[in-house]
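The values are calculated or read from the model by the stated rules, or taken from the named source; none is laboratory data. Remember, it's a predicted structure, so these values are computed and weren't measured experimentally. Note: ideal-geometry Cβ built from the backbone for every residue, glycine included; neighbour counts use all protein chains shown. Only protein heavy atoms, including side chains, enter the accessible area calculation; ligands, DNA and RNA are left aside. Shrake-Rupley method; radii C 1.70, N 1.55, O 1.52, S 1.80 Å.
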Amino acid sequence: MCRIAGIINPSLSVDLLEDMVRNMCAIQKHGGPDDEGIYTCEKQSLVLGNRRLSIIDLTSGGHQPMSYSDGRYHITFNGEIYNYPELKYELKKAGFLFENQSDTEVILAAFATWGPRSFARLNGMFAFALWDNFTANLYLVRDASGIK
């Protein structure tokens, strides 16, 4: 599984926040050896980080934090969505196009369609932080059992 990190703190400089999140990610490298990434929203003093363990989509298409909808949404995700093929099929029928094979992109498309109600439709073990650039809302979500 991946490893996630993040900080939102307007009292600290964005450079310091980025350094802190990069350090968090470096410490977690053992759990996400395949890739790493950082997303920064300077305006809101938010930094999200990810260490990736490639399981579902082994290509660079699964890079995280992942952006969606022309940069409106950003997610750092750990876990697995067991029902993502069914959700993806439903979203494709509604006209959504997908760029990769990851369950992460399905979470983002589901959120773009159903908003926070989409979280109840996710079956799996997961934890993620999802940022909405337009509303400046940060959603911290985990599976109902608290596995992640």
- request: Kindly establish whether LEU140 is open to solvent by 70 Å² or more (accessible area, probe 1.4 Å), within 14 Å of the chain's Cα centre (by Cα) and modelled with pLDDT of 95 or more.
  value: yes
task: Quick one: GLY146 ticks every box in (1) closer than 20 Å to GLY37 by Cα; (2) open to solvent by 20 Å² or more (accessible area, probe 1.4 Å); (3) at pLDDT below 95 except a single one, so which number is it?
output: (1)
query: So is LEU130 in contact (Cβ under 8 Å) with a residue 40 or more places away in the chain, buried (at least 16 other Cβ atoms within 10 Å of the Cβ) and not in a helix (DSSP H, G or I) or not?
result: yes
- prompt: GLY115: over 13 Å from LYS88 (Cα atoms) and either outside any helix (DSSP H, G or I) or in contact (Cβ under 8 Å) with a residue 40 or more places away in the chain (or both), yes or no?
  reply: no
